[in-house]
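What follows is a set of notes on a single structure, which appears directly below.
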Amino acid sequence: MNRAVYWHKSIPSTMIEAARLAADGCPSGTIVGSDEQTAGQGRLGRAWHSAPGDGLYVSYIARVSNLPARTLAAGIAARAAIHTAAAVTCDLRWPNDLLANNKKCGGILVNAEPAALIVGIGINVNHERFPADLTAVATSLRIETGHTVNRDILLDALSNELDIWLPRPPKELIAEFERVSSYARGKRVTADDTLIGTTAGLDEHGFLLVRQNNGKLTRVLAGNVRPAP
Ligand code: BTN
């Protein structure tokens, strides 16, 4: 695809710049990236650690609808790109955390703006270490492989995989997520520290189903899914 890539040295967040470009009418598939983010945004209102030069921080503007399934598509695409560029096979924690050896090596934030979906992807590429509060839960492709990973090759693979996966029908995305994620079925999890149960697949929209011990099946609409202690 012939696309525009707007690259910055340092900006607050690629999400903000991408939303601005989307409102201005840029084509679907446009990418905004930055070597550093000074106010990187994570899911659920959290911050995203965006050390200069070490990570891949990009937002992809997608003129598609059907949010829950697109959120899955972004994780599936990022997982495939990481495999191509670094030969690391990631697990996907619903909805779309990228895990290597049970630690997070990438995260995805999808914002529905009036003009488009903004798919924000942060991948820990060449970090050698993390701040103390993240060490137990975060890893990078460099830590996992023992060598540096080329960010340009990763960006190229990521852009191509997003082009491929984002428009796919929800049914196909749900089937692929269930194929590659250990979280989709049979995993004991907590959701938002309130619900505890065993995962039972995704519903037709892409929401996670969790069966509690009393047999009740609950749909997780968003939130923080973690392995049950
Ligand atoms: C998460 O909490 O797991 C989602 C993290 C998403 C981070 C990416 S980095 C590129 C884009 N710009 C942001 O400010 N956030 C997303």
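Please give the length that would be gained between Lys9 and Arg63 if that part of the chain were fully extended, namely 0.36 nm times their separation in residues minus their C-alpha to C-alpha distance (nm, one decimal).
Numbers: separation 54, 0.36 × 54 = 19.44 nm, distance 2.61 nm.
16.8 nm is the gain from fully extending Lys9 to Arg63.
Working note: Karplus 6.51/-1.76/1.60 with θ = phi - 60° gives segment 25-30 the couplings x, 5, x, 4, x, 5 Hz, where Gly and Pro are set to x. Taking a point 7 angstrom from the Cα of Arg188 along the C-beta vector, which residues in segment 195-229 have backbone N less than 13 Å away? Within reach of a label on Arg188, which here means backbone N under 13 Å from a point 7 Å along Cα→Cβ, segment 195-229 contributes 196-199, 213, 227-229.
So how much slack lies between Asn2 and Arg226, counting 0.36 nm per residue of separation and subtracting their Cα-Cα distance, in nm? It would help to have the intermediate numbers written out before the result.
Details: separation 224, 0.36 × 224 = 80.64 nm, distance 3.88 nm.
Using 0.36 nm per residue and subtracting the Cα-Cα distance, I get 76.8 nm.
Under the simplified labelling scheme, the Glu113-Ala175 pair shows an inter-label distance of 3.4 nm, with each label point 7 Å from Cα along Cα→Cβ.
Phi angles of segment 126-133 translate, via the Karplus equation with coefficients 6.51, -1.76, 1.60 and θ = phi - 60°, into HN-Hα couplings of 10, 5, 8, 7, 10, x, 3, 6 Hz per residue; Gly and Pro are given as x. Maximal additional length on extending the Asp156-Ala87 stretch stands at 23.3 nm, based on 0.36 nm per residue less the C-alpha distance. By the equivalent-ellipsoid construction on the alpha carbon gyration tensor, segment 77-133 comes out with semi-axes of 22, 14, 11 Å, ordered largest to smallest. A P(r) calculated from all alpha carbon pairs of segment 1-83, with 5 Å bins opening at zero, reads 3, 14, 21, 24, 25, 11, 1 percent.
Highest mobility in the GNM of the chain, judged by mean-square fluctuation with C-alpha springs under 10 Å and restricted to Ala39, Ala78, Ala136, is found for Ala136.
Listed by chain and number, the aspartates and glutamates whose alpha-carbon sits under 19 Å from that of Lys9, ignoring those within fewer than 8 places in the same chain, are Glu17, Asp35, Glu36, Asp54, Asp152, Asp156.
May I ask you to rank Val64, Val225 by accessible area, largest first, using a 1.4 Å probe over the protein chains only?
Working: Val64 45, Val225 5 Å².
So, going from the largest accessible area down, we get Val64, Val225.
Largest GNM mean-square fluctuation across Ile61, Ile11, Ile121, computed for the chain with C-alpha springs under 10 Å, falls on Ile11. The ellipsoid that matches the Cα gyration tensor of the chain has semi-axes, each √(5λ) in whole angstrom, of 27, 21, 16, with the longest given first. For Gly120, the residues whose amide H sits under 5 Å from its own are Tyr60, Leu109, Val110, Asn111, ignoring neighbours fewer than 5 places away on the same chain, with H placed 1.01 Å from N. Scanning residues 5 or more positions from Thr190 or on other chains, those with amide H under 5 Å from its amide H are Arg226, Ala228, with H placed 1.01 Å from N in the peptide plane. Between Glu128 and Thr38, take the C-beta separation as r, use R0 = 22 Å, and let me know the FRET efficiency to the nearest 0.05. Efficiency, rounded to the nearest 0.05: 0.55.
Give, rounded to the nearest 20 debye, the magnitude of the charge dipole that the chain has about its Cα centre when Lys and Arg contribute +1 at Cβ and Asp and Glu contribute -1 at Cβ. All intermediate terms of the calculation are to be shown ahead of the outcome.
Working: 24 positive and 22 negative charges, 134 e Å.
With Lys and Arg at +1 and Asp and Glu at -1, about 640 debye.
The values are calculated or read from the model by the stated rules, or taken from the named source; none is laboratory data. Note that the structure is a prediction, hence the values are computed from the model and not measured. Neighbour counts run over all protein chains shown; Cβ positions are idealised from the backbone, glycine included. Ligands, DNA and RNA are stripped out before the accessible areas are found, and what is left, the full protein with its side chains, is counted by its heavy atoms. Shrake-Rupley method; radii C 1.70, N 1.55, O 1.52, S 1.80 Å.
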